[in-house]
Amino acid sequence: MAFVTLKPGTLLAPVPAAMISCAAEDCAPNIITLAWVGTVCSEPPMCSISVRKERYSYDIIRRSGEFVINLTPASLIRAADFCGMYTGAKVDKFKETGLTKAEAQAVACPLIAECPLALECKVISVLPQGTHDLFLADVVAVDVDESIVDEHGKLRMDKAGLAAFAHGEYFELGRKIGKIGMAYAEHKKGKKA
């Protein structure tokens, strides 16, 4: 394999095309679409989002100290794109996209009812990082559509139909190709990784 070296950049892919819902007392609930969303820690469960200071949602999240990471199914990628391209200062994104607000369990901002999985988050720290600030948050509740939980209570992410973002393009996640620990188990049986 031959490589070409590019200038340093944020070419980590794929990443979620997540719709982040937020709200504050003095403004209507809003949605901002972000790809810079990540897992930080398992115990306690923590996530992060990176937001530019000039974005309308930045101030809402900073003041309220909470947000919801709504994982976007491929069927909603146009709505997610819309929410990333328009400002909530001028547009009611719930109204314009037809997305439905649903009550969260542990935060005051709404979930997006059409998203199969939502992580309710409370901000614990805001870390300035140059063009973006990193909102570090505790995950205080996880809301899952019952259609992606099987009869044994197992989460079936393969049924969620999630979308991903990679270098300016959206993709629908495909088929399951394995599970964590598969190479370890096979290696223990004498198979090569």
Could you list, ordered by first residue, the pairs with Cβ atoms under 7 Å in which the first is in the range 86-109 and within 18 Å of SER57 (Cα to Cα) and the second is open to solvent by 60 Å² or more (accessible area, probe 1.4 Å) and assigned to a helix (DSSP H, G or I), at least 6 apart or interchain? THR87/TYR56; GLY88/TYR56; ALA89/TYR56
Where the second residue is among the aromatic types (Phe, Trp, Tyr) and the first is free of Cβ contacts under 8 Å to residues at least 12 places away in the same chain and lies in the range 119-145, which pairs have Cβ atoms under 9 Å and are six or more apart or on separate chains? SER125/PHE135; LEU127/PHE135
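Conditions (1) over 23 Å from GLU172 (Cα atoms); (2) in contact with a Cys (Cβ under 7 Å, 6 or more places away or on another chain); (3) of a type in the set (D, E, K, R), marked per residue:
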{"site": "CYS47", "(1), (2), (3)": "no, yes, no"}
{"site": "ASN70", "(1), (2), (3)": "no, yes, no"}
{"site": "CYS109", "(1), (2), (3)": "yes, yes, no"}
{"site": "LEU134", "(1), (2), (3)": "yes, no, no"}
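Hey, among the residues in the range 6-45 that are among the hydrophobic types (A, V, I, L, M, F, W, C) and touching a Cys at 6+ places or on another chain (Cβ under 8 Å), which one's nearest to GLU172 (Cα to Cα)? Even if it seems obvious, please write down each step before you answer.
The first filter runs over the range 6-45 and keeps only residues among the hydrophobic types (A, V, I, L, M, F, W, C), leaving 6, 11-13, 15, 17-20, 22-24, 27-28, 31-32, 34-37, 40-41.
From the residues that got through so far, the ones that are touching a Cys at 6+ places or on another chain (Cβ under 8 Å) too are 19, 22-23, 31-32, 37, 40.
On the way: MET19: 15, CYS22: 25, ALA23: 29, ILE31: 21, ILE32: 20, VAL37: 17, VAL40: 24 Å.
The residue in question is MET19.
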For the range 166-192, name all the residues that are without any contact (Cβ under 8 Å) to a residue 24 or more places away in the chain, small (Gly, Ala, Ser) and either under 22 Å from SER75 (Cβ atoms) or assigned to a helix (DSSP H, G or I) (or both). GLY168, GLY174, ALA183, ALA185
Which condition from (1) farther than 18 Å from ALA166 by Cβ; (2) modelled with pLDDT of 95 or more is the one that LEU76 breaks? (1)
How about the range 1-55: which of its residues are exposed (fewer than 15 other Cβ atoms within 10 Å of the Cβ) and in contact with a helix residue (DSSP H, G or I) (Cβ under 7 Å, 6 or more places away or on another chain)? ARG52
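The values are calculated or read from the model by the stated rules, or taken from the named source; none is laboratory data. Please read all numbers here as calculations on a predicted model, not as lab measurements. Because the Cβ atoms are built from the backbone with ideal geometry, glycine has one as well, and the counts that use them run over all protein chains shown. Areas reflect the complete protein model, heavy atoms only, side chains present, ligands, DNA and RNA absent. Shrake-Rupley method; radii C 1.70, N 1.55, O 1.52, S 1.80 Å.
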